[in-house]
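Below is one structure, written out as structure tokens; the observations come after it.
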Amino acid sequence: MKRRTFFRSGIAGAAGITVLGSSAIAPGSRSDEGEIVYRALGKTGLRLPVVSFGVMRSDNPSLVRAAYEGGMKMFDTAHGYMNGRNEEMLGNYFSTIPRESFVLATKVKPAGVDSRTGLPSKETTAEAFLSMFNLSLSRLKMDYVDILYMHSAESVEMVRHKEIVRAMLDLKKQGKVRFIGISTHKNEALVINTMAEDGIWDVVLTSYNYRHTYRAELDDAIDKAAAAGMGVVAMKTMAGGWLDRERTKPVNARAALRWVISNPNVHTTIPGITAFDQLETDLTVMKDIALTDEEKSELVADASFPGLFCNACSNCVPGCPNNLPIPELMRAYMYAYGYRNAAMASELLSETAVKADPCASCKTCSASCVRGFDLKDKISDIARLVNVPYDLIA
Ligand code: SF4
Ligand code: SF4
């Protein structure tokens with residue numbers, strides 16, 4: 001959809017624009033026809049539309065403007081997205097918008113965390129974390145962010161990393177952060193359960209979609225988080241967006257998003273939005289969350305395809321004699337082929353420090369994927385990016 005066409009239809013549907021906290025509708029309910037559905041974000045006091053904006057791959061302020069004018073309130077970025085350009089773009093756009101009318105969430109990934117084990121090292125310091133956070137604040141041109149996540153934690157050791165947690169609590173005391181949280185793409189249930197036990201966290205951002213193979217465990221953790229008063233935000237809601245590498249079979253985005261929202265303990269979602277037609281779909285779901293029987297059947301049928309989404313269950317890892325970080329490699333594959341974002345794939349590959357063609361020593365693959373991925377084929381394919389200089393694709 002062209003930008004102009006979007007603004008014609010999108011802004012006409014923007015009657016739901018409200019300042020946060022007003023015109024709230026009961027959590028989990030459907031509003032009157034055409035109005036935005038809100039839920040409380042745990043005990044934060046924020047009430048947000050069930051759909052927010054995952055800005056990660058978008059550098060287009062017109063898209064952000066259209067989302068804001070269409071009624072979205074929360075915009076989610078991270079220190080590392082687009083080498084900082086994502087935060088800069090949001091900072092420029094929101095510099096003229098009343099600060100209390102939107103919610104800005106960003107994430108900082110602690111330095112020195114081992115991507116295979118999720119464990120910290122001596123480089124994982126509060127000093128490095130705070131230095132990145134301060135840079136984020138200056139890029140965003142803001143005095144504070146509403147939510148600061150420790151980015152991509154996957155171990156108890158990181159959830160309870162004394163120095164980083166203390167630094168985050170201090171930022172909250174200083175008013176530079178309103179709420180603290182953790183984002184997690186791996187061992188999510190463990191991370192969320194630990195957060196709920198510790199009682200200091202305001203929000204969790206978790207990977208969650210209809211293709212997860214350990215959903216019961218994740219659902220239980222989400223219920224526990226909500227019962228503990230934490231806000232629950234879902235990402236990776238579209239499960240990679242496509243079912244095949246060639247992008248001939250798309251995931252039904254509307255159905256996938258409604259499926260996530262059908263869990264009343266998911267308070268809002270951050271689908272990644274890079275185009276006006278995606279935004280239009282997300283704004284529609286924001287006002288009509290009911291998953292139809294036809295959509296349910298379609299998701300059930302789609303789930304039988306391997307697809308592009310690896311839910312990081314790590315079941316394959318013990319079968320690999322080379323101890324490859326397979327979940328991270330599969331995520332890089334999804335970024336490259338599902339998101340068509342080679343830069344993100346390349347950044348993730350460089351974190352794993354794998355060499356090009358890491359499967360060369362195996363005639364056949366002894367690791368097996370619960371989703372039926374051909375691991376050797378996919379890893380050999382994505383690892384080619386290791387030899388491509390980052391500045392050619394960023
Ligand atoms: S082919 Fe690759 S993923 Fe499979 S066992 Fe060998 S090194 Fe591991
Ligand atoms: S590749 Fe398959 S088995 Fe391995 S972590 Fe991903 S979904 Fe699980």
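Rule-based calculations on the coordinates, nothing more; no lab input. Remember, predicted model here, so these are calculated numbers, not experimental data. For neighbour counting, all protein chains shown are included, and Cβ atoms are generated from backbone atoms with ideal geometry for every residue, glycine included.
What to note about this one:
- Mean-square fluctuations from a GNM of the chain, with a 10 angstrom spring cutoff on Cα atoms, peak among HIS79, HIS267, HIS212 at HIS212.
- Descending Cα extents along the principal axes, segment 198-245, whole Å: 41, 19, 12
- The convex hull defined by the C-alpha atoms of segment 262-394 has an orientation-averaged projected area of 10.1 nm².
- Beyond 21 Å in Cα-Cα separation lie the following of the pairs LYS109/LYS162; LYS107/LYS376; LYS355/LYS378; LYS107/LYS162; LYS73/LYS107; LYS172/LYS236: LYS107/LYS376; LYS172/LYS236.
- Within the chain, percent of DSSP bridges classed antiparallel, to nearest 5: 15
- Segment 301-394: chymotrypsin sites (Phe, Trp or Tyr not before Pro) in DSSP loop, at most 16 other beta carbons within 10 Å: none
- Rounded to the nearest 20 debye, the dipole magnitude of segment 317-393 is 220 debye, with +1 charges on Lys and Arg beta carbons, -1 on Asp and Glu beta carbons, and the Cα centre as origin.
- What the Cα convex hull of segment 136-241 gives, in volume per residue, is 100 Å³.
- Solvent-free Debye scattering, log10 I(q)/I(0), computed from the Cα coordinates of segment 317-393 at q = 0.13, 0.15, 0.23 Å⁻¹: -0.35, -0.46, -1.05
- For the chain, taking Cα atoms only, Rg and Dmax work out to 20.0, 62 Å respectively.
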